[in-house]
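> Before I ask anything, here is the structure I am working with.
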Amino acid sequence: MSEAFPGNRVLAHTGARYPIIQAPMTWIARSRLAAAVSAAGGLGMMETSSVDIEVTRREYQAIEATTDAPFGVNLPIMFLRQNEAMEAQILDWLLEQGVHFVTTSAGNPRRHIERLKAAGVIVYHSVPSLEGALKAQDAGVDGLIVEGAESGGIRNAEEVNTFVLLQAVRERVDLPIVAAGGIVDGRGMAAAMALGADGVAMGTRFVASTESPVHQNYKDAIVAAGVDGTIMVPRPPRAKLRALKTPASVALAAGEAASGPMGSVIDALYVGGDVDGTAGSAGQGSALIHEVKPVANIIEDTMIGFWREIDRLSALRGSETMTTNRESIHG
């Protein structure tokens, strides 16, 4: 465990140097990005949304060949259960490899929790609500990814923003919490920790990194996005998607006919770079991302910014003014 974070439960569970986790974004969170995050001291996460055992093997082995640092794997339950035979193959193979840390998302963690825990795997579940957090705790997970409405990608139709959601979950749950949604730097990390988190997860920030496999146009669009640069669009039957504000996403939000399935977004945007004609996932934290840079620099800058904010807050406690104010408050 890092000497800078004694007793940090996320570091104890992940084995990473810093309590920074890379979000397991579909197609993006594969070997090149995940290995870079882990090598830089965070925890790289590999996605399995493709529901393809060959892709899973290839990407997992590529990460292992690139770095000795720990990494994790996400199991997106909603996607995996659409092909139960392949789901079983993927889970069997991952357990054979000795996977140590898994996050589950988009479904009920009870589907896999018993088997994962029996194999000694640490399991965190991603939740967008207090209700979801309480259910995941009852299911026996080891920790939570608490994801506020600022996050990019598929969201619940009704969500609570990170600032409130973190506090609501921390009041009721004693599990380790990783905060997600709107966090792209050290200032956001310090705020999340102050609200009860033990670590943070970043997605959009890592999309706009040198090692991210997506087209440069997509990265540049994230950097160019302002505070109103994202929009919520319907994702039938019950969900929504937070995406970059583009002609295509504005049309979708207005109720016009949806374009192609997710695969076409991958081909058109991630590979082809068609920003205007697609609804590319992005969080509201895009407004705080000002350049594309290597993962190692992102993590280093995040930690520098985090400790700068911690030092700033610590200085308040030592000031004569604050001491006098505290004494007057307490009589």
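> Condition test on S286, is it at pLDDT 90 or above and under 25 Å from the mean Cα position of the chain (by Cα)?
In short, yes.
> If we scan region 69-87, do we find a residue that is more than 26 Å from V184 (Cα to Cα) and free of Cβ contacts under 8 Å to residues at least 24 places away in the same chain?
Within region 69-87, one or more residues are more than 26 Å from V184 (Cα to Cα) and free of Cβ contacts under 8 Å to residues at least 24 places away in the same chain.
> Moving on to the next point. On the basis of being closer than 18 Å to A282 by Cβ and in contact with a Pro (Cβ under 8 Å, 6 or more places away or on another chain), does G153 make the cut?
No, not satisfied.
> Taking into account only those residues within region 168-177 that are β-branched (V, I, T) and not in a helix (DSSP H, G or I), which is nearest to D301 (Cα to Cα)?
I177
Residues checked against (1) more than 15 Å from P24 (Cβ to Cβ); (2) modelled with pLDDT of 95 or more:
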site: M45; (1), (2): no, yes
site: V73; (1), (2): no, yes
site: A88; (1), (2): yes, no
site: L94; (1), (2): no, yes
site: S105; (1), (2): no, no
site: A119; (1), (2): yes, yes
site: D142; (1), (2): yes, yes
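> Tell me which residues, restricted to region 146-168, are of a type in the set (A, V, I, L, M), over 14 Å from G199 (Cα atoms), in contact with a strand residue (DSSP E or B) (Cβ under 7 Å, 6 or more places away or on another chain) and crowded, with 18+ Cβ neighbours inside 10 Å.
Listed by number, the residues that qualify are A149, I154, L165.
> So which residues in region 262-284 are touching a residue at least 24 places away in the same chain (Cβ under 8 Å) and aliphatic (A, V, I, L, M), if there are any at all? Working first, answer last.
First pass over region 262-284, keeping only residues touching a residue at least 24 places away in the same chain (Cβ under 8 Å): 262, 266, 269-284.
Matches in region 262-284: M262, I266, L269, V271, V275, A279, A282.
> Next up: Between a first residue in region 93-115 that is closer than 17 Å to E54 by Cα and a second residue that is of a type in the set (V, I, T), which pairs have beta carbons less than 8 Å apart while being 6 or more apart in sequence or on different chains?
Here the result reads W93/I53; W93/T56; L94/T56; L94/V73; L94/V102; L95/V121; V99/V73; V99/V121, each pair linking region 93-115 to a residue that is of a type in the set (V, I, T).
> Need at least 1 residues that are surrounded by fewer than 19 Cβ atoms within 10 Å (Cβ to Cβ) and among the aromatic types (F, W, Y) per element, so show me which helices (runs of 4 or more DSSP H) inside region 73-118 make the cut, counting only ones lying wholly within it.
Passing ranges, in order: 84-96.
> Applying the selection to region 15-33, what residues are under 20 Å from G186 (Cα atoms), in contact with a Leu (Cβ under 9 Å, 6 or more places away or on another chain) and either outside any loop (DSSP other than H, G, I, E, B) or of a type in the set (G, A, S) (or both)?
A16, I20, I21, Q22, listed by residue number.
> Could you count how many residues in region 277-304 are farther than 15 Å from M202 by Cα and touching a Gly at 6+ places or on another chain (Cβ under 8 Å)?
Count: 1.
> Let me ask something additional. Pairs only if they're at least six apart or on different chains, beta carbon under 7 angstrom, first in region 285-298 and surrounded by fewer than 16 Cβ atoms within 10 Å (Cβ to Cβ), second of a type in the set (A, V, I, L, M, F, W, C); list them, first residue then second.
H290/V223; E291/V223
> Go through region 52-71 and count every residue that is closer than 17 Å to A36 by Cβ and either at pLDDT below 95 or of a type in the set (S, T, Y) (or both).
3
> Against the condition of a type outside the set (S, T, Y), more than 20 Å from T204 (Cα to Cα), at pLDDT below 95 and in contact with a helix residue (DSSP H, G or I) (Cβ under 7 Å, 6 or more places away or on another chain), how does E3 come out, does it pass? Step through it out loud before you land on a result.
Numbers: of a type outside the set (S, T, Y): yes; more than 20 Å from T204 (Cα to Cα): yes; at pLDDT below 95: yes; in contact with a helix residue (DSSP H, G or I) (Cβ under 7 Å, 6 or more places away or on another chain): no.
No, not satisfied.
> Name the residues in region 186-224 that are surrounded by fewer than 22 Cβ atoms within 10 Å (Cβ to Cβ), in contact with a Lys or Arg (Cβ under 9 Å, 6 or more places away or on another chain), on the phi < 0 side of the Ramachandran plot and assigned to a loop (DSSP other than H, G, I, E, B), would you?
L195, T210, E211, P213
For every residue, the table says whether it meets (1) in a loop (DSSP other than H, G, I, E, B); (2) touching a residue at least 60 places away in the same chain (Cβ under 8 Å); (3) within 22 Å of H290 (Cβ to Cβ); (4) not charged (D, E, K, R).
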residue	(1), (2), (3), (4)
A136	no, no, no, yes
V146	no, no, no, yes
I154	no, yes, no, yes
A157	yes, yes, no, yes
A179	no, no, yes, yes
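The values are calculated or read from the model by the stated rules, or taken from the named source; none is laboratory data. Because the structure is predicted, anything quoted here is derived from the model rather than measured. Here the Cβ is made from the backbone with ideal geometry for all residues, glycine too, and neighbour counts use every protein chain on show.
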